[in-house]
1. Can you tell me which residue is most open to solvent (accessible area, probe 1.4 Å) among those in region 209-242 that are assigned to a loop (DSSP other than H, G, I, E, B) and within 19 Å of M305 (Cα to Cα)?
2. Within region 264-271, is there a residue that is under 20 Å from N238 (Cβ atoms) and at pLDDT below 95?
3. Which one is most open to solvent (accessible area, probe 1.4 Å) among residues in region 9-29 that are in a helix (DSSP H, G or I) and at pLDDT 75 or above?
4. Can you spot a residue in region 119-130 that is in contact with an Asp or Glu (Cβ under 9 Å, 6 or more places away or on another chain) and outside any loop (DSSP other than H, G, I, E, B)?
5. Tell me, which strands (runs of 3 or more DSSP E) wholly within region 252-315 include 3 or more residues that are open to solvent by less than 10 Å² (accessible area, probe 1.4 Å)?
6. Could you list, ordered by first residue, the pairs with Cβ atoms under 9 Å in which the first is in region 92-108 and at positive phi and the second is open to solvent by less than 50 Å² (accessible area, probe 1.4 Å), at least 6 apart or interchain?
7. So E159 clears everything in (1) part of a helix (DSSP H, G or I); (2) over 23 Å from K115 (Cβ atoms) except one condition, right? Which one?
8. Output yes when any residue across region 162-181 is in a loop (DSSP other than H, G, I, E, B), among the charged types (D, E, K, R) and closer than 30 Å to D310 by Cα, and no when none is.
Amino acid sequence: MGLFNQRKVFYVYNPNLLTYERVYPSAKERFFVVLRHLSLSILIGVGVLFAFIHFFDSPMEALLRKENMLLKTQYEVLSLRINDALKVLDDIQERDDNLYRAIFQTKEIPEYIRKPGIGGTNRYDYLMNLSNTDLVIETTRKIDMMKRQLYVQSNSFDELVSIGKNLEARNRCVPAIQPLANKDLKRTSSGYGMRIDPIYRTLRHHDGMDFVAPVGTDIYATGDGTVIFAGWQQGYGNCIRIDHGFGYETMYAHNSKNLVKVRQKVVRGEIIGLVGNSGKSVGPHLHYEVLFNDKHVNPVNYYYMDLTPDEYAEMIQIAENRGQVMD
């Protein structure tokens, strides 16, 4: 006895009657047939959908992909332009330190202030979920760094503008003359630098210049300023210190007499004391020092207001003498 299906109509062969008799499937059989066909359809549908999703873009996805590529390109171009801007900013910072601030004799801005760290390891966590994360974070970091450096540079220019406006007052305060009458330069004894100590006979650094002069010779303030010390100091004897502002300070030592008091205002050329032989000294002379930003500098570089170019050149040559100092 055989069973076949023709167009979902089932028949069974009856050998006794030699005829085919139609068979009607039960509800359970029909249910499983429908379930089988439905499962196969679902499986095929899922496969087609999977293939479509992974191998074909929808119009919206294609548009988003195109926009994403465009944004990536724009970020790359922006990153290159920021690099160029940072190079220009570096050049401005270098000129600021080595030209503008050198002209006004102002302290350079420390590197840790000019280029501070961005700080915070989690600063850019909010960008981690974006596409092209590394590019976006690096570009954002460069922008933050440039903003900070521009802020520092802007403040630097404001400071230089302020200094420029006060240039006249600054020029009055710079210690720009010799501390006593020495037009013929014959009173110049020893200059700034390594010298032989007159007492200990050892080589040491001489922080100022010595001018030989008789006791009682007038000592002049070399620039406008305020007296911050007038009294006895170990080694220096009677001495005077003047704060000129703008980073400048001068000291006049071994005096026989101080003619000014602490907090007294003085002007360039004003008599502030008399030459002597007090303190650690081997003869009447004036020991004169110039400090800029709390560091000793060579006083010979500041005698440009009362010497001609030839006299200035001669003064430098005399000051280079490496003989014995007076203190």
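The values are calculated or read from the model by the stated rules, or taken from the named source; none is laboratory data. Worth saying up front: this structure is predicted, and the values here are computed from it rather than measured. Using ideal geometry, Cβ is built from the backbone for each residue, glycine included, and neighbour counts are taken over all protein chains shown. To get the accessible areas, we keep the full protein, side chains included, count just its heavy atoms, and leave off ligands, DNA and RNA. Shrake-Rupley method; radii C 1.70, N 1.55, O 1.52, S 1.80 Å.
1. Of the residues in region 209-242, the ones assigned to a loop (DSSP other than H, G, I, E, B) are 213-217, 221-224, 234-236.
Now narrow it down to the ones that are within 19 Å of M305 (Cα to Cα): 221-224.
On the way: A221: 0, T222: 0, G223: 0, D224: 31 Å².
Among them, the one singled out is D224.
2. Within region 264-271, the first condition is being under 20 Å from N238 (Cβ atoms), and the residues that meet it are 264, 266, 270-271.
If we keep only those that are at pLDDT below 95 as well, we get none.
Within region 264-271 (the criterion being under 20 Å from N238 (Cβ atoms) and at pLDDT below 95), the answer is no, since none of the residues qualifies.
3. Initial filter on region 9-29 (in a helix (DSSP H, G or I)): 27-29.
After this cut, where a residue has to be at pLDDT 75 or above as well, the list is 27-28.
Details: A27: 70, K28: 140 Å².
Here the residue is K28.
4. no
5. Values: elements: 271-275, 285-292, 295-297.
So the answer is 271-275, 285-292.
6. As it stands, the answer is Q105/R170; Q105/V174; Q105/G247; Q105/Y248; Q105/F292; Q105/N293, since those pairs meet every condition given.
7. Failing condition for E159: (2).
8. As a first pass, look at region 162-181 and keep what is in a loop (DSSP other than H, G, I, E, B): 166, 174-181.
Adding the requirement that they be among the charged types (D, E, K, R) leaves none.
No, region 162-181 contains no residue that is in a loop (DSSP other than H, G, I, E, B), among the charged types (D, E, K, R) and closer than 30 Å to D310 by Cα.
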